Amino acid sequence: MLDKHYQNELDTAIFETIISKSPGPDGIYGQMISNLGQRGRQRFLDIVNESWRTEQLPRDWRRAIVILLRNPSKEANSPENFRSIALTCIA
């Protein structure tokens, strides 16, 4: 059986999260997670533990917004001249 995640682990993960990170498809910013009160953190921890226990990720956690950026020194006529950035859910 997999180990359960605990509140102190969640607090550490939240502290280490980049607060100014752009949101993914769920629209949740790092600042929103870091501002959760005790009840919100407990509910979030319950969701994480249920996901861990069932080995299933919520569908939204598997989605990303992909943005293509053209290399400034390259022409826009070839896909190789672009790179991608994936904005994923912060959870």
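Do you know which residues across the stretch 14-30 are surrounded by fewer than 13 Cβ atoms within 10 Å (Cβ to Cβ) and part of a helix (DSSP H, G or I)?
Within the stretch 14-30, Phe15, Glu16 meet the criteria.
Just checking, how many residues over the stretch 36-67 are surrounded by 10 or more Cβ atoms within 10 Å (Cβ to Cβ) and either of a type outside the set (Val, Ile, Thr) or in contact with a helix residue (DSSP H, G or I) (Cβ under 8 Å, 6 or more places away or on another chain) (or both)?
22
Restricted to the stretch 1-10, and to residues that are modelled with pLDDT of 80 or more and surrounded by 13 or more Cβ atoms within 10 Å (Cβ to Cβ), which residue is farthest from Ala86 (Cα to Cα)?
Taking the candidates together, the pick is Glu9.
Go through the stretch 61-87 and count every residue that is hydroxyl-bearing (Ser, Thr, Tyr) and part of a strand (DSSP E or B).
Going through the stretch 61-87 one residue at a time, the tally reaches 1.
The values are calculated or read from the model by the stated rules, or taken from the named source; none is laboratory data. Since the model is a prediction, treat every value here as computed from it, not as a measurement. Heads up, the Cβs are rebuilt from the backbone with ideal geometry, glycines too, and the neighbour counts pull from every protein chain shown.
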